[in-house]
Structure formats: structure tokens, C-alpha cells
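See structure below.
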Amino acid sequence: MESLTERINEWTESHREEFVRDLIEMVNIKSVSTPDEGGYAFGTGCKKCADAFMKLGEKYGFSVENDDYYCASVLLKGAEERELGILGHLDVMPEGEGWHYEPFRAIEQDGYVIGRGSGDNKGGTMMSLYAMRCLRDLGFRLQHTVRLIAGFNEECGMKDVPHYLESHIPPEYTLVCDGGWAMCLGEKGIITADLIMELPDDSIRELCGGIASNAVPADAYALVAPVAPRMLEKLREEYPDVAFDRREEGVVIRTYGKAAHAFVPHTGKNAIYRLLDVLCGYPGISSATSQKVLWMKECFVDDYGTGLDIAYEDQESGKTTCIGGVIRLEKGSVIQNINIRYAVTQDGDDLLRRMQNKCERVDIRLENITHSSPRMNSVEEPVIQLLLDTYHEFWGYDYEPYVMGGGTHARVFPNALPYGPAEMGRPQPFGTAHGIDEAVCIDSLLKAIRVYVPALIRLDQFYGGDS
């Protein structure tokens, strides 16, 4: 008799081409969450993606539900109405600039699907849909109904699943398909805020950088007062990695970096920091403005909050991180948005007090604060042990439980745990989540199905089923 792994492998191999086609179809929909745009909860792009997701669910014989376009669900009916959940998201980050591929015209290349959202989190959500198909096609009938929930605001606020929970009883347990193996036991606290600094004059005329709070910015620019041509040439020699473009209205200074997710800032290069560095030494800026820019620059002496007096490290989750994600000039004030991922044992309220005191000392206001507390599970919990044992049995011992700085829906959804499908630390020939040329490994997603299917069967039994 064939083992369960062999049966799942045969099923996934026979559905590989179909899976890639469906994933590409979803990636090609530009579903950047834009609240209220077009009269829909998170915009017309997310609405189009939700419709495509539900249509796909119906095509494969499942029931579907639309939660006012906040979330969309695909359901594999069980013997009872009690539910087990899988939770992903289909909203994506803005694409940014610098791609070598079309971000919303996905392709398959060298075993990867390349396109914005392929890894975060359309690949995981499509994997989950196919795991439900595999479970059904292999003849398993669960007591619980399995509900796959796709949210549409995970990347910028997580207002999707709280809306869902207003009218739905949460599943008894939910696998969040937006993490890595073996499982994500905890997530750092997340704080965002605006550092606001008034400029004494208009020697900086425009300032812009970054696409989102939770991404290391890959480019930034400023329009500043002009300087003599000889001085401009000297600046080009001094800063060979920076573009200086003389225009009628002044000089445009443009800096370049490398995009990365905010929780791993060391893997990127922040273009805003380089721009602040150049502005501090630009001769066309007044000394008073230059001093102000220097104060802002000194808030970001590293990626770990040292400049804001919030540096911290613990054994459970490592170092607190802090990036300047988006910067702009508005009505004579520089507004620098920051994104902090603080260690799970750090006191968030104390962090805010320390940062507030530092900002006051350098005449910077701290406004528009959002705060999401850390999440932490114990590996000793019985359901956690069940899932960990299932991972080891059906995947192996390549990975172990971890704590991360990324934020998933598990922060705001009861009885939920990020459980794959990413292979943490796997070499990437293309790009990663929130970066250019984002890609996902097809084999990794299909291999994840052979963990999800037995995990759902065992959760069904654990919570009182008899499958």
C-alpha cells in the first residue's frame, strides 16, 4: 500500500502545471490594498483578486463566501459546521522600482514564479487551496469544515480579519500560510510612527523616498537649491553613487539602495539614509537646515534603534530593529515614518517613552503612533507539539521553530499559528518578499502540501473528529 506521502506526491505532480497556471493568474492581479478606493473595502484591485479567488474555489467544487471584500473564503465542507482554518492574504506590497521582470506579468523561470506577491502571500494561499483539493481527492472526509480565508489588508493595517471576526466564529484552530518552517512561535512587537521636523527655510524644496512603512526603501530624492556648476562637479566626484541633476528649479539629488522587508533591514540598503547623509554636506542648504537634517540622520545610525535610544536584544527573538521606511516634505516639515520591530521581552511602553524623550531633545515631534504587541507561543503546547511532529514526519528536520520580526495575521486572529510554507534561509536566485523580482519556489509550495494534508487530518482528530 502506498504511503500518504507517496499519494500526496503523485497528486501534486499530476497537478503541477495547473497549480503554476493558477498561481500566475493570481499574481497578475495588482491587488495593492487601497482602502475605500472604488467603493470597495480595499480597492478595485483587491476586489478583482477576491472575485478571481472565489471563482477558482467554485471551479474546483468548493463553497465560497464573500465578507464584504474584507476577506474571501473557500470552504471544504465536513460532517459538521465546526471549522478548522487556513488563513492567508492576497493583498500585496506596491511594486516599487528597479524590477528586471514585470511585477504583474508573472512568469515561471528555473522552477520559480516571479512576480509581486508570489511569495507574500499568493503562493502560500494557492498552496492551501490545493492542499484542500488534495485532501478531498484522496478521499479524506473530516468532521470539521476546512475554511481557507484570504484577507486583503495584511500589508497595511490588518483591518481585514477583525472585520471578519465581527460576524464569524473563528475556527477551532487556524494555520497561517504566511510563515516559514518549521513554525513561527512568536512575532516581535510592531510600532510605527512619524518623526516630524520643521525646517527653518526652503532650501530643501522637495523630499521623497520609500513606498511603504514596512519596506527598506530602494530609492529617494530631494530637490534642493542650486549651486555653482563647479561645485556640482565636485559633489559628483565625492558621491559617485549619487545622481545630481541640474534643473531650472534647482538640483535633484537621487540616491539608490536595495529593498528588503523591514524585519530584516540588514539584507537591504536604505536609500533614505544615504540621502540624509548627502544633504548634510550639500552646500546649497543653509546651516540651520543642515543641522536639522543631521539630527534626523543621527536617529538612524544603525538598523537597531540605537539613535533613538531603543536598542534592545533578547535570547528569544534577537535584536530590536528600526528603519526609516517613507520620507516626505509637507508644508515645510520633514515627515519620516519609522517601522520598529521590538524584541518579545522588551517593554513597548518603555520603548515609546525613551524614544519620545530622545525626539524632544532634538526638536522632533513623534506623532501618528500605531502599536501591536508581541505574540509568543510555547513549544510545549499540545497542539504546537502535534504540528511540529507532523512537520518533522512529513518534511524532515531541515528547520526548527523560530521567532521573527515579521507580522502576520496570527497577531490578530485567535488560536492561529504561522506554519510554513517558506523555507527560511533557502538561497534565492531572484528576489524576496517586499523586494524587487519577488519570487517563490514551486517545489517548496508543492512539498508543503504533504505537510498540510496530514496536519489538517490530525487537527481534525485532535479537536474531536474521527476521520
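The values are calculated or read from the model by the stated rules, or taken from the named source; none is laboratory data. This structure is a prediction, so every number in the text was calculated from the model and none was measured. When we count neighbours, we look across all protein chains shown, and the Cβ atoms used for this are built from the backbone with ideal geometry, even at glycine. Remember, those area values only see protein heavy atoms, side chains included, never the ligands or the DNA or RNA. Shrake-Rupley method; radii C 1.70, N 1.55, O 1.52, S 1.80 Å.
Can you give the angle from 0 to 90° between the axis of helix 382-394 and the longest principal axis of the chain, with both taken from C-alpha atoms, to the nearest 10?
80
By per-residue mean of other Cβ atoms within 10 Å, what is the highest-first order of 219-230, 436-447?
On the way: 219-230: 17.3, 436-447: 22.6.
The peptides rank, most packed first, as 436-447, 219-230.
Taking every DSSP beta bridge that has both residues in the chain, what percent is antiparallel when rounded to the nearest 5?
Working: 67 of 88 bridges.
The answer is about 75 percent antiparallel.
As an exercise, find the ratio Rg/Rh for the chain from alpha-carbon atoms, using the Kirkwood inverse-distance average for Rh.
On the way: Rg = 23.8 Å, Rh = 23.4 Å.
Over the Cα atoms of the chain, Rg/Rh equals 1.02.
Could you give the size of the charge dipole of segment 366-467 about its Cα centre, using +1 on the Cβ of each K and R and -1 on the Cβ of each D and E, expressed in debye and rounded to the nearest 20? If you can, show how the numbers build up before the last one.
Working: 6 positive and 13 negative charges, 25 e Å.
That gives segment 366-467 a dipole magnitude of about 120 debye.
Can you give the helix-only mean residue ellipticity at 222 nm for the chain, where every DSSP H stretch with n ≥ 4 adds -39500 (n - 2.57) and the sum goes over all residues, rounded to the nearest 500 deg cm²/dmol?
On the way: 11 runs with 142 residues, N = 467.
Computed mean residue ellipticity for the chain: -9500 deg cm²/dmol.
Are any of the pairs K30/K59; K234/K258; K188/K447; K234/K292; K292/K358 more than 18 Å apart by Cα-Cα distance, and if so, which? Spell out each step's value before the answer.
Values: K30/K59 22 Å; K234/K258 26 Å; K188/K447 28 Å; K234/K292 24 Å; K292/K358 14 Å.
Going by Cα-Cα distance, K30/K59; K234/K258; K188/K447; K234/K292 fall outside the 18 Å limit.
Report the charge-dipole magnitude of the chain in Debye, nearest 20, computed about the Cα centre from +1 at each Lys and Arg Cβ and -1 at each Asp and Glu Cβ.
Working: 46 positive and 73 negative charges, 147 e Å.
The dipole magnitude comes to about 700 debye.
Excluding ligands, DNA and RNA, what is the solvent-accessible area per residue of the chain at a probe of 1.4 Å, expressed in Å²? Provide the component values of the computation, followed by the final result.
Details: 18960 Å² over 467 residues.
Ligands and nucleic acids excluded, the result is 41 Å² per residue.
Roughly how tilted is helix 348-361, in degrees to the nearest 10 and between 0 and 90, from the longest Cα axis of the chain?
Tilt relative to the chain: about 10 degrees.
Under a straight-distance cross-link criterion of Cα-Cα below 12 Å, which aspartates and glutamates are reachable from K47, leaving out those fewer than 8 residues away in the same chain?
D36, E37, D67, D68, D91
Can you tell me the orientation of helix 4-14 relative to the chain, as the angle in degrees between its alpha-carbon axis and the longest Cα principal axis, to the nearest 10?
Rounded to the nearest ten degrees, it is 70.
Dipole size in debye (nearest 20) for segment 1-64 around its Cα centre, Lys and Arg Cβ +1, Asp and Glu Cβ -1?
Details: 8 positive and 12 negative charges, 61 e Å.
So the magnitude is around 300 debye.
Cα-based Rg of segment 212-347 per 2.2 N^0.38 Å, rounded to two decimals? Spell out each step's value before the answer.
On the way: Rg = 16.3 Å, N = 136, 2.2 N^0.38 = 14.2 Å.
Scaled against compact globular proteins, the figure is 1.15.
In nm, to one decimal, how far is the S373 label point from the Q315 one, both placed 7 Å along Cα→Cβ?
If labels sit at S373 and Q315, their model points lie 2.4 nm apart.
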